Structures are given as C-alpha cells and as structure tokens.
Amino acid sequence: MLHRRLLSAVVAAAGLAGLLGPASAQTVDSFPSKPITLVVPFQPGVTADLLFRGIAEAASTHLGQPVIIDNKPGGSATLGPATMASNAKPDGYTIGQIAIPVFRVPYMQKATFDPVKDFTYIIHLGGYTLGSVVKADGPFKTWKDVIEFAKANPGKFTYATIGPATTNSIAMELMARQSGVQFTHIPTKGGGESIAQILGGHIMMMVESPAWAPMVASGEFRLLMVLNGERSKKWPDTPTLKELGYTYEFDSPFGLAGPKGMDPAIVKKLHDAFKKAYDEPKVAELFERFDFTRRYMNTADYQAFVPKLAAEEKAALEKLGLAKKD
C-alpha cells in the first residue's frame, strides 16, 4: 500500500514537472505578451529622453508590444537603475538605460547595487559627444595655448562642468595630471549657466555635451577638442584627446539592461528587437541630431565590456582621490 502511494506521488510529481516545463517554455515563446517599461534615468525632454523615446517607438514595432518610457531622474542618473535592480522582476518587462554614473557612484559612496553583478546587460548603444569650448575672441586658440597658460599661471585656468563626479570633470583632472598642470573647476547648474559664465568672461572653458553647438556655429565659441575616441562628423577639424597626446578617451557609454537573473532567451528577443530599432534610419538620425555617438555591442560583448568599464572608473576615481574609503 505504501509502495503504491509512493509510486503515485512520483507519477504526480513527474506529471507536474511536465506541465511546468512547457509552461515555462511557453512564457518565453510568447514574450512579450504585455507592454514593456523602459526606465530612463533623466528628466523628460532632455536629449537622452528624446533619443530613447525614438528607440522605444521603433523597438515596439519589432516586439509587437508598446515600450513605455518611465522617467526616473535622480541620484546622478542612478536612481532609476537602482530601483530596477531592487524591485523589478527579471522577466524582461522592466529594462532601463544604464548611464556611466552607474559604474562610478558605487565606488564613490555607499550604494544599493553592484554595477557588475546586479544587472543583466542586453545591448550597448552609444555614448555622448563631449567637447571643450572657449570664447572665440579669447586668448586660447588651441589646446596648447591652454596648457601653456596653466603652466605659467598655476590654478588660474578655470573650467565649468555640472559637477565634480562627471565624466567631463574627471577627464579634465586626468589631463591636468598628465600635463603637469593645475586647473580650477567651477561647477554650474548646467549648459545655460556655463554659457553665460563664459560669455561674461567669468569662466575660461566649458566642458560639456553640445549645449554649446549653436555658439560654435555662430562663431562666438571655439571648440578646442572632443573627448571622444574618434573625431566628430559635425566638427571634423577638431582633434580628439588622443590626438593631443593623452592616453584617455571619454564618451560616457550607455546601453540597456534589466535586473539580474533574466532568461537568456528573453534577453535575445530584447537584444534583437532593439538592434533592429538601432539600425533604422530614423533612429540613426536621432543619434546624429542630438550628437550621440553610435557604438553598438551585442549582449556577449557588452557583458564582457562591463567589468572592464567598472574597473577603469574605479581606478580613475582612486587616482583623483574621489573613491570612497573601504
């Protein structure tokens, strides 16, 4: 009698497993069966938000479900990813833009997430065009002029970014160290304030994404360099950091990720849909219009890139004395 009961239990368990197996497969096969939320860690209306709205719209057609933007600014662009890592199910229905502060903030202060371990990286998409501008009628015609001035006047060359932990500020401080000079950083609230400060002669240089583009086009500002690895198509005569002799390049890379533990089959579906969106001419035009660089990596390459990026950010912060103390 006991033998029969055990046999019945085994058969029932086997039947349940058989039911669960196809159900799980069916869930993957039918993905997505409802709208997908894409968390953008910036305010509505900024260029990153506008770019991702275009990407989301294009990806929706390939996924067969709407991709809905959820703006979660805050925490230097880490609030959205941190919330996703803590609260979202790894079912593919919540994904988010991963911006460079995700790889920087946890090494500067206590954070609720690990940039390498707590996300499933899906697809890398691009980066920002970052440049340094000065008044066109000022004394600095080339980057060499800046370095010569800084050597002759320690600490008197001033530049503006939106904060000491930004890519722009870290790039400038690393350049200063490599050139053996000292710059003075003046944080501002953003592009508009920085532009006004330069026009008024209060700050010598602005280092930022192209809020300065209209001023360069009008001839009021001079673009001395771009921080990216390659020259910009819009400003092909402007040298890069490496062309000026530095060992760095910066473009604040970004991509898409979800919470850790996502099914590889669902990751592939998301990757393929967003890659098709990335390749669409209307999306490529958005990258160009808003001065983003295009830098695609597939899932495997992105996942291999992440630990290297995190290590580079940690090393840079330690070099500048900005890393948290363990």
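Among the lysines of region 198-272, pairs at least eight places apart or on separate chains and with Cα atoms under 24 Å apart come to 4.
Taken one residue at a time, the phi angles of region 228-245 give Karplus couplings (6.51, -1.76, 1.60, θ = phi - 60°) of 6, x, 10, 5, 7, 5, 6, 10, x, 8, 8, x, 8, 4, 5, 5, 8, x Hz. Gly and Pro are set to x. What the Cα convex hull of region 204-305 gives, in volume per residue, is 133 Å³.
For region 301-326 versus region 159-185, the spacing of their alpha-carbon centroids is 17 Å.
Database remark: amide H of Thr293 closer than 5 angstrom to the amide H of Gly127, Tyr128, Thr129 (H placed geometrically; neighbours at sequence offset of 5 or more, or on other chains; Pro and chain starts carry no H).
Could you grab the Rg to Rh ratio for region 109-161? Cα atoms only, Kirkwood for Rh. Mind dumping the intermediate values first?
On the way: Rg = 19.3 Å, Rh = 15.5 Å.
Here the Rg-to-Rh quotient is 1.24.
Measuring between their Cα centroids, region 111-144 and region 28-72 lie 23 Å from each other.
For region 168-174, the Karplus equation 6.51 cos²θ - 1.76 cosθ + 1.60, evaluated at θ = phi - 60°, returns couplings of 5, 5, 4, 4, 5, 5, 5 Hz by residue, with Gly and Pro reported as x.
Taking every DSSP helix (H) stretch of at least 4 residues in the chain, weighting each as -39,500 (n - 2.57) and dividing the sum by the residue count yields a mean residue ellipticity at 222 nm of -13500 deg cm²/dmol.
In this structure the amide hydrogen of Asn71, modeled in the peptide plane, comes within under 5 Å of the amide hydrogens of Val40, none closer than 5 places in sequence on its chain. Divide the volume of the convex hull around the Cα atoms of region 247-306 by the residue count and you get 104 Å³ per residue. Legend: residue pairs Lys117/Lys308; Lys34/Lys72; Lys110/Lys314; Lys110/Lys325, Cα-Cα distance threshold 18 Å; pairs beyond threshold, Lys34/Lys72. Residues whose amide H lies under 5 Å from that of Thr184, counting only those 5 or more places away or on a different chain, are Phe157, Thr158, Tyr159; hydrogens are built 1.01 Å from N in the peptide plane.
Every number here is computed from the coordinates shown, using simple stated rules; none is lab data. All of these numbers come straight from a predicted model, not from anything done at the bench.
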